[in-house]
Amino acid sequence: MIQENINNLISLWQVAGNSVNSYFENENFNYAVIENSDWPNRIWFDHDVDNKSLNAAKEFLSKQSKNLTVPYWDIYDSYSDELFESYGFKIKFKQIGMSMKLKNKFDFKKRLTIELVSNEKEAQLWENIYPEAFGYRISKEILLNTQNKIDYYLASINDEPIGTAIVYNTGNVSGIHGVGVIPSARRQGFAEEIMKHVLNESIN
């Protein structure tokens, strides 16, 4: 289950990068760097790190004009954190991956209009509010180039966009990302409403 969810996340970055010809692989790491977007802009490893791969990654990062995130999953029972530190890497943030088996649909208040992004106008609205919720930008070009593979949801109340969500399906896994609302709409249960909506769509 852990590996399937990791694969879902990596595949999401690959699809986003490929959509603008900005995904690359080499023997040491893979990366997606998009100039007019803050995301995915990551390099990652499809194996446990070693001196060779970390040295290559550090050299690559030293030549980049953008700040890139280096995600790592501690699933190998190795002392990789010490190896990262020896190459000057520091933890920027930690995230906990959550999963659940989807069975019965969720009941919730339906105060929001939640729709899939399907055109340039909606993609622009989505791009505009996403940074308010998360502090970084995903360009509308990515949305428009990947909407046949990735579901982008725009949530509105009284025709005013207030929230977003991303759903990406691989096999039997629905990866749910980017569920958030703008600051002025928080503490009203809207994020929960968006989450339950996309969970129900994942069941479908």
Quiz item: Is it fair to say Y130 is within 16 Å of the chain's Cα centre (by Cα), loosely packed, with under 14 Cβ neighbours inside 10 Å, under 27 Å from N67 (Cβ atoms) and of a type in the set (F, W, Y)?
Solution: no
Exercise. Inspect all residues belonging to the stretch 10-30 and state whether any of them is part of a loop (DSSP other than H, G, I, E, B), without any contact (Cβ under 8 Å) to a residue 60 or more places away in the chain, small (G, A, S) and open to solvent by less than 40 Å² (accessible area, probe 1.4 Å).
Key: yes
Quiz item: Restricted to the stretch 133-153, and to residues that are open to solvent by 60 Å² or more (accessible area, probe 1.4 Å) and among the aromatic types (F, W, Y), which residue is farthest from E192 (Cα to Cα)?
Solution: Y136
Quiz prompt | D81 vs. criteria touching a strand residue (DSSP E or B) at 6+ places or on another chain (Cβ under 8 Å), among the acidic types (D, E) and either farther than 18 Å from W13 by Cβ or open to solvent by 100 Å² or more (accessible area, probe 1.4 Å) (or both) | solution = no
Self-check item: Every residue from the stretch 61-83 that is part of a loop (DSSP other than H, G, I, E, B), farther than 23 Å from S22 by Cβ and either free of Cβ contacts under 8 Å to residues at least 24 places away in the same chain or in contact with a helix residue (DSSP H, G or I) (Cβ under 7 Å, 6 or more places away or on another chain) (or both)
Solution: D74, I75, D77, Y79
Quiz item: With respect to F106, is the statement that it is over 18 Å from the mean Cα position of the chain (by Cα), open to solvent by 40 Å² or more (accessible area, probe 1.4 Å) and among the aromatic types (F, W, Y) true?
Solution: yes
Quiz item: Limited to the stretch 61-101, what total is found for residues that are within 16 Å of the chain's Cα centre (by Cα) and of a type outside the set (K, R)?
Solution: 12
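Would you please name the residue that is nearest to G88 (Cα to Cα), looking only at residues in the stretch 41-60 that are in a loop (DSSP other than H, G, I, E, B) and within 21 Å of the chain's Cα centre (by Cα)?
In this case the residue turns out to be F45.
The values are calculated or read from the model by the stated rules, or taken from the named source; none is laboratory data. Predicted model only: the values in this text are computed from it and were never measured. Cβ coordinates were reconstructed from backbone atoms using ideal geometry, including for glycine residues, and neighbour counts include every protein chain displayed. SASA here: full protein model, heavy atoms, side chains in, ligands and nucleic acids out. Shrake-Rupley method; radii C 1.70, N 1.55, O 1.52, S 1.80 Å.
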